[in-house]
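Please read the structure below before turning to the comments.
The values are calculated or read from the model by the stated rules, or taken from the named source; none is laboratory data. Note that the structure is a prediction, hence the values are computed from the model and not measured. No Cβ is skipped: glycine too gets one built from the backbone with ideal geometry, and neighbour counts run over all protein chains shown. We work out accessible area using only protein heavy atoms, side chains counted, and drop any ligands, DNA or RNA first. Shrake-Rupley method; radii C 1.70, N 1.55, O 1.52, S 1.80 Å.
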Amino acid sequence: MRTAVIERETKETKVFVSLNLDGSGTYSNKTGVGFFDHMLDVCLKQTPFDVEINAEGDLQVDAHHTVEDVGIALGKALTEALGDCRGINRYGFFILPMDEALVLTSIDISGRGYLAYDVPLHAQKVGDFDTELSLEFFTALARCANLTLHIKELAGVNTHHILEGVFKSFGRALAMAVAIDPAKKDVIPSTKGVL
């Protein structure tokens, strides 16, 4: 079973993540940050993963620590659940239209954490959510999951639509990358023999 449970507690946050990469697509997110919960929902809806995310943070300060620490915990859960990455596709990509917005996401489960994030946003907030926090989330996730991750906005005007496109395309690309290739189920997808 490709599963993981991560509990992260700091002076700023307390985060719980449970992940099953081979689930039935059930998910529950409770972070106290409404728009972020919505983005996690639309992301995970694109995957077959079973995920539970619960977070408590110092929201009286702002949502930064909560959003970033969810990215850290989810990244660590991905690393643990993938193990030696035997049999995975390794690569995943998706170009997703969300009304006028168009977003490309490309992933390499490379063992090297890197984020290229080219997502110009037209508003600093959606509701109470600081839109720059999407960058913090994906930075933490890419580093802690050791993903090479490229996210690029190809078109867009409405910031809500752009961010929804980002999270949905990421979910689709990640589901593709972690899926098992039946023809290579016992092979680590690297000429090095390790990821």
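Summary of computed values
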| item | result |
| --- | --- |
| Set Gly113, Gly87, Gly83: member being surrounded by fewer than 24 Cβ atoms within 10 Å (Cβ to Cβ) and free of Cβ contacts under 8 Å to residues at least 60 places away in the same chain | Gly113 |
| Filter result for Asp69 (within 19 Å of Cys144 (Cα to Cα), of a type in the set (D, E, K, R), crowded, with 18+ Cβ neighbours inside 10 Å and modelled with pLDDT of 95 or more) | yes |
| Boolean, Ala4 is open to solvent by less than 30 Å² (accessible area, probe 1.4 Å), of a type in the set (Gly, Ala, Ser) and touching an Asp or Glu at 6+ places or on another chain (Cβ under 7 Å) | yes |
| Long-range neighbours under 7 Å by Cβ, at least six apart or interchain, first residue assigned to a strand (DSSP E or B) within segment 142-160, second open to solvent by less than 60 Å² (accessible area, probe 1.4 Å) and of a type in the set (D, E, K, R) | Thr148/Asp108 |
| Residues of segment 28-37 satisfying the condition of being open to solvent by 30 Å² or more (accessible area, probe 1.4 Å) and without any contact (Cβ under 8 Å) to a residue 60 or more places away in the chain | Ser28, Lys30, Gly32 |
| Some residue of segment 51-63 being closer than 21 Å to Ala175 by Cβ and open to solvent by less than 60 Å² (accessible area, probe 1.4 Å) | yes |
